[in-house]
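These notes are about the structure you will find just below.
The values are calculated or read from the model by the stated rules, or taken from the named source; none is laboratory data. Here the structure is a predicted model, which is why all the values come from computation and not from measurement. Calculation scope for accessible area: heavy atoms of the full protein, side chains included, ligands and nucleic acids excluded. Shrake-Rupley method; radii C 1.70, N 1.55, O 1.52, S 1.80 Å.
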Amino acid sequence: MKEHCEHQADCLKRIQSILDGGASEAEKDHFRQNMDACKPCIDMYNLEKCIKEALQGKVEKKCCPEKIAAAIRSGIAK
Ligand SMILES: [Zn+2]
């Protein structure tokens, strides 16, 4: 498990296209394989997913609201 991702910009793009439903099956497979090795990107994926669900108004209690609010304030959510 890597603590740092040297291709985080690419990972973020992939994460966003997966969450938007725009990723191909090949991209999703690649991402799933990547995720096992890439800790910051797993965190980023979970956070992006939480933010997206929060923005869509279907946030659940298991999602940590302070973290989402902080992320939105810091401009991660676009
Ligand atoms: Zn990564």
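Residues whose amide H lies under 5 Å from that of CYS38, counting only those 5 or more places away or on a different chain, are LYS2; hydrogens are built 1.01 Å from N in the peptide plane. Once the Cα-Cα distance is subtracted from the 0.36 nm per residue extended length, the ALA37 to MET1 segment shows a gain of 12.5 nm. Residue by residue, segment 51-56 carries 3J(HN,Hα) couplings of 4, 4, 5, 5, 5, 7 Hz when phi is fed to the Karplus relation 6.51 cos²θ - 1.76 cosθ + 1.60 (θ = phi - 60°); x denotes Gly or Pro. Ordered by solvent-accessible area of protein heavy atoms (1.4 Å probe), largest first, the residues ARG32, ARG14 come out as ARG32, ARG14.
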